[in-house]
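J.: Next up is a structure, given as structure tokens.
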Amino acid sequence: MLSKLDYSYNSGDSIVHRLNPVVKILGFIIYVLICCLKFDYILFLVSTVFVFMLLLLSNIKFVKYFKVLFKLILMFIVMFIFMRSKNIEILDISIILIKFVFCVFYIMMIIYTTTKNDLGRGSARILDVLNLIGFSFKKICCFFTNLYFYPVLFLDTYVEVFTNLEIKGRVYSHNSIIDKASLFIKNVKLVFVKTNEKMNSRKKNMKYRLYKANVKSKYKYRNKLCIFDYIFIIFNIGMLVFYIVKVRL
């Protein structure tokens, strides 16, 4: 699915490419937070223009971004129909859809301008700071990827075990129903054992992947921030301060 949506790093020389991945991810979190806060026209306009400027500064062709939107067109239609069924005004629906579109743009901008290694390290940095319920970044990634891969490995192992010459259908045919059931349960247990062995082996070799393999960034991951990072951070914090001062107070 990732490859179909063209989820891949695009090497380039741009300000956005040079931004620290931690700063990009935090910026996205702040943007999502702003989208969920009480609506304000100025904040909405400023945040939308800000994301649009990031897209321009990324030096990535806009056709790549719109290709992703085209893949999600059915989701937009479903969202529109659902909101209309709840009697939401057309203007409010338009604002919600625009926010969603620019969230997608923001995600794609990060993916297109950040290598898998940089994004992995940046995410690890954020999660280590947050220290979510004591789990490390590696354990969190391993948990969610295992949820996806375990059924696949289980089915492959099931076919592998039940097509073995020693336990083909003719072995079952000469036994009673009880013996057949007992043998079937025994083989299913074997499937679980082999699947768990494969999962354990996979955990040792697991890597954080979102992009094409063997892709290197021109800009090495760095802990120190550059002038562009500070500008990026100040602008995002500024939008939150504006919300607190002008909207909430």
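J.: For the pairs Lys71/Lys216; Lys24/Lys216; Lys38/Lys86; Lys67/Lys224; Lys38/Lys116, flag any whose C-alpha to C-alpha distance is greater than 30 Å.
T.: Details: Lys71/Lys216 27 Å; Lys24/Lys216 18 Å; Lys38/Lys86 19 Å; Lys67/Lys224 34 Å; Lys38/Lys116 34 Å.
Correct reply: Lys67/Lys224; Lys38/Lys116.
J.: For the pair Met199 and Leu57, what calculated FRET efficiency results from E = 1/(1 + (r/R0)^6), where r is the Cβ-Cβ distance and R0 = 41 Å, to the nearest 0.05? Before the final figure, lay out each step's value.
T.: Details: r = 42 Å, r/R0 = 1.03.
Result of the calculation: an efficiency of 0.45.
J.: How much FRET efficiency would the formula 1/(1 + (r/R0)^6) give for Phe192 and Phe143, where r is the Cβ-Cβ distance and R0 is 25 Å, rounded to 0.05? List each step's numbers first, then the result.
T.: Numbers: r = 19 Å, r/R0 = 0.75.
The pair Phe192/Phe143 has a calculated efficiency of 0.85.
J.: OK, next. For the pair Lys67 and Ile95, what calculated FRET efficiency results from E = 1/(1 + (r/R0)^6), where r is the Cβ-Cβ distance and R0 = 35 Å, to the nearest 0.05?
T.: Computed FRET efficiency for Ile95 and Lys67 comes out at 0.90.
J.: Going through the stretch 48-112, which chymotrypsin sites (Phe, Trp or Tyr not before Pro) have at most 15 other Cβ atoms within 10 Å and a DSSP loop state?
T.: Working: sites: Phe50, Phe52, Phe62, Tyr65, Phe66, Phe70, Phe76, Phe80, Phe82, Phe100, Phe102, Phe105, Tyr106, Tyr112; in loops: none.
Sites meeting the loop and neighbour criteria: none at all.
Coordinate-derived values only; no laboratory data. Here the structure is a predicted model, which is why all the values come from computation and not from measurement. No Cβ is skipped: glycine too gets one built from the backbone with ideal geometry, and neighbour counts run over all protein chains shown.
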